[in-house]
Every structure is written in C-alpha cells, then in structure tokens.
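The values are calculated or read from the model by the stated rules, or taken from the named source; none is laboratory data. These figures come from a predicted structure and were not determined experimentally. Note: ideal-geometry Cβ built from the backbone for every residue, glycine included; neighbour counts use all protein chains shown.
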C-alpha cells in the first residue's frame with residue numbers, strides 16, 4: 001500500500017531541511033572564521049587586566065576617631081582617609097618639650113665646660129626624640145598617597161588598630177593599566193617585545209583595545225609558585241607550561257576606565273609581524 005504524505009508532513013520536512021542547512025552553514029562559517037583566526041593570530045583567553053592595588057597602612061597605633069572615605073570613592077593625593085586619636089602622642093611630645101626647656105635652663109647655671117657638654121648632648125638627644133614624637137603625631141592622620149579609588153571599607157570609628165596594620169586598599173589611577181596574558185610555551189616563538197596586540201574584554205566584546213607587548217617573563221609561571229615542580233622526583237608528567245606576557249593597553253584614562261583589575265580578556269597577537 002502506497003504511503004501518502006499530507007501537506008503538513010511535506011511542510012515539516014521542508015522546514016527541517018532548511019533548519020539543517022542553516023545550522024550546517026552556520027557551523028561551516030564559524031569553523032572557517034575560527035581557523036582563519038588561529039592561522040593569523042596567536043591567541044589566549046588566559047589573561048586578566050592588572051593595575052597597582054596597594055594597601056593603606058597605619059604607621060601609628062590607636063583608636064580610630066574618624067573615617068573619611070566610602071567604598072569605591074575617588075580620592076586625590078593628600079586627602080584625609082582616617083584619623084587616629086593622637087592625645088597620647090601629643091602628651092609624649094609635650095613631655096619632651098618640657099625636658100628640653102629644663103635642660104636649657106640648667107645650661108644658663110653651669111660653668112664647667114664638661115658639665116655643659118653633657119647637657120648640650122642631652123639637649124640634642126631630646127630634640128631628636130621631639131622630632132620623633134612630632135612624626136608620630138603626623139602619622140595619626142592617614143592621607144591618600146596618590147590619586148585613585150578606594151576599595152572595600154573595613155574599618156570604623158572606635159576601632160583599635162596597630163602600627164603596620166593594613167586598613168584599606170587603593171587602586172592607583174596615576175599608573176598605566178596592563179594585561180598579563182599566559183601563553184602556552186608553544187606559542188611564544190611568534191612573539192617579540194614591541195609586537196602589536198588586540199585585547200577584547202569579556203565584559204565588552206564589541207570594544208577591542210590595542211596594546212603592545214612590553215615584556216615576556218624570563219621563566220614559566222610555575223617557577224614563580226610557592227612550590228615549584230621538581231621533575232627529578234620520578235613522577236614526571238609532561239604538561240604544557242604557560243609563559244606570562246605583559247601587555248600595555250593604549251588609550252586615555254577615560255577610555256580605559258571601563259577595564260577593572262581582575263577582568264578576563266582575550267588576547268590576539270598577529271603572526272609574522274615585522275621587527276626592526
């Protein structure tokens with residue numbers, strides 16, 4: 001018995017055929033573009049944006065009396081960030097100033113040269129000590145070391161801190177941003193310092209940035225780890241190593257402001273670039 005196909009069956013077959021052809025064509029185009037990219041570029045997605053992020057550290061201990069910044073706030077060099085209770089340091093300074101006055105008074109009264117020399121030496125010591133106390137007083141006002149943006153605020157007024165304790169982190173806006181791209185060791189043969197680079201951030205795929213290779217690491221990333229691998233142990237398994245490559249990103253501060261430290265990026269280095 002001859003099988004009859006309905007209009008619906010023929011329509012479904014036609015649609016399925018067109019869908020299959022479209023998918024195959026799309027995969028073919030994607031494959032061609034991918035192969036073209038691998039042929040003309042050395043590329044990696046193991047790359048992140050970097051910039052200098054430094055801790056704000058107190059050089060004096062005591063109770064915090066005021067905090068003058070919030071999370072992610074922009075600060076200028078010299079802006080006051082924190083104030084520490086300075087009363088104890090002021091008392092030490094005043095005590096030393098009084099000791100200097102007393103020593104100077106004992107010097108109007110002494111006639112013996114030897115005794116005068118001893119008092120003069122003591123005055124010099126007290127003056128040095130006074131300068132130290134003045135430094136301690138100045139350390140109770142913590143200021144921004146440069147223009148930048150503050151990180152997460154983790155301190156509050158009334159909190160007790162110690163000298164040398166990190167209190168916050170500040171991202172330096174006065175230095176360039178760069179990318180550290182970890183290329184496979186089999187890829188670096190095509191790279192040289194000064195090569196042009198294309199950088200595309202995952203967050204902004206439609207906004208490529210231009211860059212330049214400024215340095216290639218003298219060793220693989222694993223050699224800088226806390227416990228470098230020891231292949232002489234007898235448990236050797238060959239693993240393709242990664243070479244960190246530092247790339248300067250071109251652009252003004254306004255253009256680069258969208259790139260944040262730690263962002264993932266894709267890096268493309270054109271092959272066969274001319275070198276002087």
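For (1) at pLDDT 90 or above; (2) out of contact with any strand residue (DSSP E or B) (no Cβ under 6 Å at 6 or more places or on another chain), each residue gets a yes or a no:
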residue: 183; (1), (2): yes, no
residue: 188; (1), (2): no, no
residue: 201; (1), (2): yes, no
residue: 209; (1), (2): yes, no
residue: 214; (1), (2): yes, no
residue: 238; (1), (2): no, yes
residue: 241; (1), (2): no, yes
residue: 251; (1), (2): no, yes
residue: 255; (1), (2): no, yes
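The condition of being modelled with pLDDT under 90, within 23 Å of residue 48 (Cβ to Cβ) and surrounded by 18 or more Cβ atoms within 10 Å (Cβ to Cβ) holds for only one of 177, 152, that being 177.
Residue-wise test of (1) more than 20 Å from the chain's Cα centre (by Cα); (2) over 30 Å from residue 182 (Cα atoms).
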site	(1), (2)
17	yes, yes
51	no, no
70	no, yes
74	no, yes
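Would you mind finding the one in 99, 117 that is in a helix (DSSP H, G or I), assigned by TED's automatic domain parsing to the domain that holds residue 139 and surrounded by 14 or more Cβ atoms within 10 Å (Cβ to Cβ)?
Values: 117 fails: surrounded by 14 or more Cβ atoms within 10 Å (Cβ to Cβ).
Answer to the selection: 99.
Quick check on my filter: what residues within segment 262-275 are over 17 Å from residue 190 (Cβ atoms) and either loosely packed, with under 13 Cβ neighbours inside 10 Å or at pLDDT below 90 (or both)? Answer for segment 262-275, where residues must be over 17 Å from residue 190 (Cβ atoms) and either loosely packed, with under 13 Cβ neighbours inside 10 Å or at pLDDT below 90 (or both): 262, 264.
Sort out which residues of segment 32-47 are at pLDDT 85 or above and either over 23 Å from the mean Cα position of the chain (by Cα) or surrounded by 14 or more Cβ atoms within 10 Å (Cβ to Cβ) (or both), and write them in order of number. Once the filter is applied, which keeps residues that are at pLDDT 85 or above and either over 23 Å from the mean Cα position of the chain (by Cα) or surrounded by 14 or more Cβ atoms within 10 Å (Cβ to Cβ) (or both), segment 32-47 yields 42, 43, 44, 46, 47.
Under the condition of being more than 12 Å from the chain's Cα centre (by Cα) and in contact (Cβ under 8 Å) with a residue 40 or more places away in the chain, the residues counted in segment 175-196 number 14. Quick one: would you say residue 155 is touching a helix residue (DSSP H, G or I) at 6+ places or on another chain (Cβ under 8 Å) and either assigned to a loop (DSSP other than H, G, I, E, B) or more than 30 Å from residue 46 (Cβ to Cβ) (or both)? In short, no. For segment 52-90, the candidate set comprises residues that are touching a helix residue (DSSP H, G or I) at 6+ places or on another chain (Cβ under 9 Å) and part of a loop (DSSP other than H, G, I, E, B); within that set, the residue that is surrounded by the fewest Cβ atoms within 10 Å (Cβ to Cβ) is 59.
Can you find even one residue in segment 160-169 that is over 19 Å from residue 64 (Cα atoms), surrounded by 13 or more Cβ atoms within 10 Å (Cβ to Cβ) and in contact with a strand residue (DSSP E or B) (Cβ under 7 Å, 6 or more places away or on another chain)? No, every residue in segment 160-169 fails to be over 19 Å from residue 64 (Cα atoms), surrounded by 13 or more Cβ atoms within 10 Å (Cβ to Cβ) and in contact with a strand residue (DSSP E or B) (Cβ under 7 Å, 6 or more places away or on another chain).
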